Amino acid sequence: MCDVLIITTFWKGVGGGVAAYSYGLYTALKELGCNVRVLYVKGSPSEDTLKISPVFPKLLWQVFKNSLSISDNGNKITLVYGGWPYLLAALIGKKRSKVFYIFHSHTDKKYEGLGKKILEFLLSKTDGALFVSRGLKRNLEEVGGLRIFGKWHVLYGSASVEIPSKKGIASFRERFGIEEKRFYLLALGLTSLQAKTRGAKLLIDALRHLPPHVELILTGKGRFYSMLKEYATVQGVDDRVIFPGYLKNPHVATMVADIYTHISYGEGLPLALLEVMSLGKAIIASRVMGIPESLRSPKEGILIENNVDNVVSNVTVLIENPKLKKKMAVLSRRAFLSRFSSWKMTALKLLSF
């Protein structure tokens, strides 16, 4: 028997990778027969969940009250994401369960002040700090200046993909004028965070140096969506960038793309990348943080340093070598199946800590 309490700022419907990771893990734990309860701040309600207040006194009471619902039998775990107040609230009920704090997101600035000291102190009182990749741990230590005391583990995610229907793919093709004679690059969800948006701009810049039949599909409608549309216009390639906005199933775009390009300046371990690997696509991705742990370059995918020349030269290689592109697609799927094949693997590893 296992009882798991998940405390997260983001749940289904918002939060991108954090919400997807939390939900994937929740689903796998349920399938393993665990009693799982989710406390979330933003998202859509679902079974076994409770929306909680971000205001600390109320948050403290809600977390503590729910920690008391954890049974006294079996494996008892509280998994926390979202800042030190959430962790403090969980640690107050620590006698009833093991407490783990998980880091999903990279940082581009140092942790400072009292908040940093409190987080470091609280981490030392947990049963372990968890990271979605080793590269993320290095980033938080080297860039963020965070000191990790005590135990730590890597807890890789997985991917749950709904295969698009033929009708859905055909509809996408018709709606956005996708043509067989053109060559499509794809980037999923690079419109919300600054580090990802910088990567999207690099891809837009690269179009100016690629053959005119090459186009870019940029999905998502985050806060930098309008800026990226304007940037494409300024660069004179707005007629070669497709902005489909939010897609209920973004993999209608994956199925029509020739190459997936995950160019970013900051990543924990992008679930979008794992999803594309599971579908089998040739991939060009940035050599940053956790990404090299997912793809072994150059066979499973091409990892590059972030500059226009690298994007252009490697896209050109795959345009000119369709057999290499096809082989890489097969190997990227094989890599996913061998190392990230299911959320069940993630859940079992969590329960083993």
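The values are calculated or read from the model by the stated rules, or taken from the named source; none is laboratory data. What you see is a predicted model, and the numbers here were worked out from it, not measured in a lab. Reconstructed Cβ throughout: ideal geometry from the backbone, glycine too, with neighbour counts over all protein chains shown.
List of remarks:
- Flag if S342 is among the small types (G, A, S), out of contact with any helix residue (DSSP H, G or I) (no Cβ under 6 Å at 6 or more places or on another chain) and closer than 22 Å to L202 by Cα: no
- Filtered residues of segment 115-159 (kept if among the β-branched types (V, I, T) and part of a helix (DSSP H, G or I)): I118
- Residue identified as outside the structural domain of K12 (by TED's automatic domain parsing), in a helix (DSSP H, G or I) and in contact with a Ser or Thr (Cβ under 8 Å, 6 or more places away or on another chain) among A195, A170: A195
- Restricting segment 82-138 to residues that are among the aliphatic types (A, V, I, L, M) and touching a Gly at 6+ places or on another chain (Cβ under 6 Å), the residue that is nearest to A347 (Cα to Cα): V132
- Yes/no for K181 being of a type outside the set (V, I, T), farther than 27 Å from T107 by Cβ and either in contact (Cβ under 8 Å) with a residue 40 or more places away in the chain or outside any strand (DSSP E or B) (or both): yes
- Scanning segment 7-41 for residues that are in a strand (DSSP E or B) and over 17 Å from S105 (Cα atoms) returns N35, V36, R37, V38, L39, Y40, V41.
Let's see how each residue does on (1) at pLDDT 85 or above; (2) within 17 Å of the chain's Cα centre (by Cα); (3) not in a strand (DSSP E or B):
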residue: F64; (1), (2), (3): no, no, yes
residue: K109; (1), (2), (3): yes, no, yes
residue: V161; (1), (2), (3): yes, yes, yes
residue: P164; (1), (2), (3): yes, no, yes
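- For first residues located in segment 7-21 and under 19 Å from Q62 (Cβ atoms), partners that are among the aliphatic types (A, V, I, L, M) and assigned to a loop (DSSP other than H, G, I, E, B) and lie 6+ apart or on another chain with Cβ distances below 9 Å form the pairs I7/I52.
- Among the residues making up segment 256-274, a single one is of a type in the set (D, E, K, R) and either at pLDDT below 95 or crowded, with 22+ Cβ neighbours inside 10 Å (or both): E267.
- Matching entry among S313, S338 (being within 30 Å of A28 (Cα to Cα), among the hydroxyl-bearing types (S, T, Y) and surrounded by fewer than 17 Cβ atoms within 10 Å (Cβ to Cβ)): S338
- Qualifying residues in segment 79-107 (those that are assigned to a strand (DSSP E or B) and under 22 Å from the mean Cα position of the chain (by Cα)) - the one nearest to L25 (Cα to Cα): L79
- Residue count for segment 241-255, restricted to those that are assigned to a helix (DSSP H, G or I) and buried (at least 20 other Cβ atoms within 10 Å of the Cβ): 4.
- Flag for P57 being free of Cβ contacts under 8 Å to residues at least 60 places away in the same chain, in a helix (DSSP H, G or I) and in the same structural domain as L79 (by TED's automatic domain parsing): yes
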